[in-house]
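Shown next, in structure tokens, is the structure this report addresses.
The values are calculated or read from the model by the stated rules, or taken from the named source; none is laboratory data. Please read all numbers here as calculations on a predicted model, not as lab measurements. All Cβ positions, glycine included, derive from the backbone under ideal geometry; neighbour counts span all protein chains shown.
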Ligand SMILES: Cc1cc2nc3c(=O)[nH]c(=O)nc-3n(C[C@H](O)[C@H](O)[C@H](O)COP(=O)(O)OP(=O)(O)OC[C@H]3O[C@@H](n4cnc5c(N)ncnc54)[C@H](O)[C@@H]3O)c2cc1C
């Protein structure tokens with residue numbers, strides 16, 4: 001079948017195999033000379049694409065749950081969607097969630113995902129207790145930060161290249177309700193935006209939308225969304241505190257023409273969104289779905305970009321370089337009229353144990369994620385942005401990458417050599433490889 005990930009670029013003719021248990025997965029790994037693991041295909045690019053793909057969606061069992069500690073042990077194909085559905089009504093929620101609930105536990109580990117609370121809670125793998133992995137040679141191995149730590153951290157953010165994650169154990173956190181108290185701050189420019197993040201660095205969740213077509217003194221204007229889980233007693237009577245389904249959405253049934261999102265429509269949308277937000281913030285209660293997963297309300301929103309698809313471009317800059325770097329990058333985007341429909345800024349906090357992951361993406365500073373439709377000229381334009389990111393000592397997020405060069409990758413990931421050395425020992429024939437790993441020289 002013709003397979004692509006969330007951004008519909010690139011596509012590959014692939015054979016998709018779906019084992020329904022560890023033994024079947026081991027047999028498959030033994031018989032296929034090359035393959036890559038794939039969860040929900042929510043990465044933006046070619047990290048889980050290859051001519052042979054091992055779908056983990058059949059590894060979907062909950063194994064154990066400890067009501068005292070909140071530690072959940074489950075198979076790697078279980079989705080965060082399912083975890084939330086089952087555990088939120090009991091008062092538990094994952095410690096770290098990305099902007100969609102449609103990802104698997106294996107995908108969350110292999111990309112070492114971050115959420116709106118990175119500044120306080122770090123990445124998904126900071127909370128991971130242990131994982132079970134089928135190595136490329138078929139050996140079964142359980143590792144943790146204490147046991148076989150090198151393999152453990154190489155697998156966290158390792159993009160499926162150290163083997164097939166079969167299961168994992170991690171604690172869920174207790175939450176008081178299914179609602180978030182949200183406060184939206186309207187900020188007039190980049191300096192004010194960064195000041196807002198710094199001022200609210202103790203707020204559990206924060207994320208910002210930037211109007212990336214705004215120029216001059218309005219460069220970097222946008223909205224900062226602050227949040228914390230609401231206590232039951234704070235909620236108005238009409239809200240059911242554990243209403244898991246609150247704010248779930250619609251389905252876009254077909255792909256729309258690729259001109260739907262263009263600089264004109266995006267500029268109109270941005271202006272409306274910015275100006276309709278009151279300049280004086282006042283907190284309100286919102287369901288956790290619209291707060292954490294605002295894009296999930298429209299299933300298949302990726303179809304808005306048309307058949308050609310789009311690329312997502314996410315990078316992080318160290319804190320001391322963030323202001324000048326973001327200014328340079330946003331100015332370049334605005335001056336070229338290269339509208340990104342989504343431009344999402346987050347603050348990454350200080351490094352934790354997950355900094356041991358050689359391919360881990362986060363570093364203390366600011367991360368910006370942008371979406372660009374695959375229009376003519378967009379790929380060379382992104383190379384210009386690459387130069388700016390590297391000049392400001394940044395790096396790009398592998399799970400959002402479909403086009404980076406080997407040189408750009410090597411310049412951003414200074415410990416890629418250590419990863420590669422381990423990979424060569426574990427997998428000398430490159431059994432676990434993807435289009436991305438081949439492109440980036442990762443085996
Ligand atoms: C709307 C949207 C919002 C997002 N927001 C965020 C965000 O806020 N923060 C963030 O960090 N990410 C975000 N992402 C990206 C997403 O969280 C990651 O790409 C995640 O890895 C996708 O999980 P998946 O199950 O779909 O994995 P896939 O996309 O199928 O695979 C991703 C990688 O994981 C590997 N992999 C998957 N399963 C296994 C396994 N069992 N064993 C070994 N390797 C495996 C694959 O080989 C591949 O390298 C977002 C994506 C979307 C679509």
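Side notes on the structure shown:
- Condition check for residue 136: within 13 Å of the ligand (Cβ to nearest atom), farther than 30 Å from residue 285 by Cβ and surrounded by fewer than 24 Cβ atoms within 10 Å (Cβ to Cβ): yes
- Any hit, the stretch 83-93, residues being modelled with pLDDT of 95 or more and crowded, with 24+ Cβ neighbours inside 10 Å: no
- For the stretch 139-166, a residue qualifies if it is more than 26 Å from residue 46 (Cβ to Cβ) and either within 14 Å of the ligand (Cβ to nearest atom) or touching a strand residue (DSSP E or B) at 6+ places or on another chain (Cβ under 6 Å) (or both), and the qualifying residues are 140, 141, 142, 143, 144.
- Flag if residue 374 is more than 17 Å from the chain's Cα centre (by Cα), over 26 Å from residue 274 (Cβ atoms) and modelled with pLDDT under 95: yes
- Selection of the stretch 427-443 for residues being touching a residue at least 12 places away in the same chain (Cβ under 8 Å) and either in a loop (DSSP other than H, G, I, E, B) or away from the ligand (no atom under 13 Å from the Cβ) (or both) yields 427, 429, 430, 431, 433, 434, 441, 442, 443.
- Residue within the stretch 240-253 that is modelled with pLDDT of 75 or more and part of a helix (DSSP H, G or I) present: no
- Considering residues of the stretch 356-378 that are part of a loop (DSSP other than H, G, I, E, B) and in contact with a helix residue (DSSP H, G or I) (Cβ under 7 Å, 6 or more places away or on another chain) only, the residue surrounded by the fewest Cβ atoms within 10 Å (Cβ to Cβ): 364
- Residues of the stretch 82-119 satisfying the condition of being within 8 Å of the ligand (Cβ to nearest atom) and part of a helix (DSSP H, G or I): 105, 106, 107, 108, 109, 110
- Whichever residue in the stretch 224-235 is at pLDDT 95 or above and outside any loop (DSSP other than H, G, I, E, B) and, among such residues, is farthest from residue 327 (Cα to Cα): 229
- Of the candidates 290, 351, 278, the single residue that is more than 12 Å from the ligand (Cβ to nearest atom), closer than 27 Å to residue 200 by Cβ, assigned to a loop (DSSP other than H, G, I, E, B) and under 23 Å from the mean Cα position of the chain (by Cα) is 351.
- Residue list for the stretch 379-426, filter: touching a residue at least 60 places away in the same chain (Cβ under 8 Å), assigned to a loop (DSSP other than H, G, I, E, B) and farther than 30 Å from residue 303 by Cβ: 392, 393, 394
- Selection status of residue 337, in a helix (DSSP H, G or I) and either within 16 Å of the ligand (Cβ to nearest atom) or more than 15 Å from the chain's Cα centre (by Cα) (or both): no
- Look at the stretch 85-99: where a residue is without any contact (Cβ under 8 Å) to a residue 60 or more places away in the chain and a partner is buried (at least 18 other Cβ atoms within 10 Å of the Cβ) and in a loop (DSSP other than H, G, I, E, B), sitting 6+ places away or on another chain with Cβ atoms under 7 Å, you get 96/113; 96/114; 96/115; 96/117; 96/123; 98/113; 98/115.
- The one condition from (1) crowded, with 22+ Cβ neighbours inside 10 Å; (2) within 14 Å of the ligand (Cβ to nearest atom); (3) at negative phi that residue 61 does not meet is (1).
- Sub-8 Å Cβ pairs linking a first residue in the stretch 151-180 that is farther than 24 Å from residue 64 by Cβ and in a strand (DSSP E or B) to a second residue that is at pLDDT 95 or above and within 12 Å of the ligand (Cβ to nearest atom), at least 6 apart or interchain, are 180/205; 180/292, ordered by first then second residue.
- Take the conditions (1) out of contact with any helix residue (DSSP H, G or I) (no Cβ under 7 Å at 6 or more places or on another chain); (2) in a loop (DSSP other than H, G, I, E, B); (3) within 14 Å of the ligand (Cβ to nearest atom); residue 69 misses just one of them, which is (3).
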